[in-house]
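The values are calculated or read from the model by the stated rules, or taken from the named source; none is laboratory data. As the structure is a computational prediction, the values presented were derived from the model and not from experiment. Quick reminder, even Gly has a Cβ in these numbers, built from the backbone with ideal geometry, and neighbours come from all protein chains shown.
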């Protein structure tokens, strides 16, 4: 940019440019560079972070990519976090020993680094597959450590009572024994993993997310480091 334009306001017409930081590792399979497990493509403004499960051979799980593109067209800044271990369900919720759920193989898990990346955003968008019980368990695991509002995208109808019964905080129903720091604030059903997301559902998601983001002033959210340490997901300062 030349000196004659340095102090001038540059107006753009028709489009809203968004900057997205590239991933830290190559993608899987042919045409790589798109999405690798354990990586984050970070938007310039930390509005929303969309959580993607274990990627396929060439790209992150559909329809997360379509949802991300749709939200960006609506002016929402969206980061995409591909989990290191996004498949299966947390071992500590199915009788696993030790209470540690970093997630290996077919077991779902989350790392302290991923929690810290989520906490930098105003809102987290969760699309955790098509099995309702798995969605609830994964949502509980993610929201257990960070005080952040969450929008859940799913295939079959799930209501706030289903999450509250599992100890997950919700906007409308308070669980008897809350077990999460984060809160489910909106649910959009009718979005199938591996299938194209309809324009109607994209619009519904965009409406919910734009409203929530407009109400949020926090730039980051508190993380329960003590829980991460006690469950072996993060080392203590003395170690």
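Summary table
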| read-out | value |
| --- | --- |
| Residue within region 210-220 that is modelled with pLDDT under 85, farther than 22 Å from residue 49 by Cβ and surrounded by fewer than 19 Cβ atoms within 10 Å (Cβ to Cβ) present | no |
| All helices (runs of 4 or more DSSP H) inside region 89-194 with 3 or more residues being at pLDDT below 95 and closer than 20 Å to residue 227 by Cβ | 112-119, 132-143 |
| Of the criteria (1) surrounded by fewer than 22 Cβ atoms within 10 Å (Cβ to Cβ); (2) in contact with a helix residue (DSSP H, G or I) (Cβ under 6 Å, 6 or more places away or on another chain), which one residue 176 fails | (2) |
| Residue that is surrounded by the fewest Cβ atoms within 10 Å (Cβ to Cβ), among those in region 36-53 that are assigned to a loop (DSSP other than H, G, I, E, B) and modelled with pLDDT of 65 or more | 44 |
| Every residue from region 64-88 that is modelled with pLDDT of 80 or more and under 21 Å from residue 133 (Cβ atoms) | 64, 83 |
| Condition met for residue 224 (surrounded by fewer than 21 Cβ atoms within 10 Å (Cβ to Cβ), under 26 Å from residue 44 (Cα atoms), touching a residue at least 60 places away in the same chain (Cβ under 8 Å) and more than 17 Å from the chain's Cα centre (by Cα)) | yes |
| Odd one out for residue 221 among (1) touching a strand residue (DSSP E or B) at 6+ places or on another chain (Cβ under 8 Å); (2) within 23 Å of residue 89 (Cβ to Cβ); (3) in a loop (DSSP other than H, G, I, E, B) | (2) |
| Per-region count, region 115-132, residues touching a residue at least 40 places away in the same chain (Cβ under 8 Å) and in contact with a helix residue (DSSP H, G or I) (Cβ under 9 Å, 6 or more places away or on another chain) | 10 |
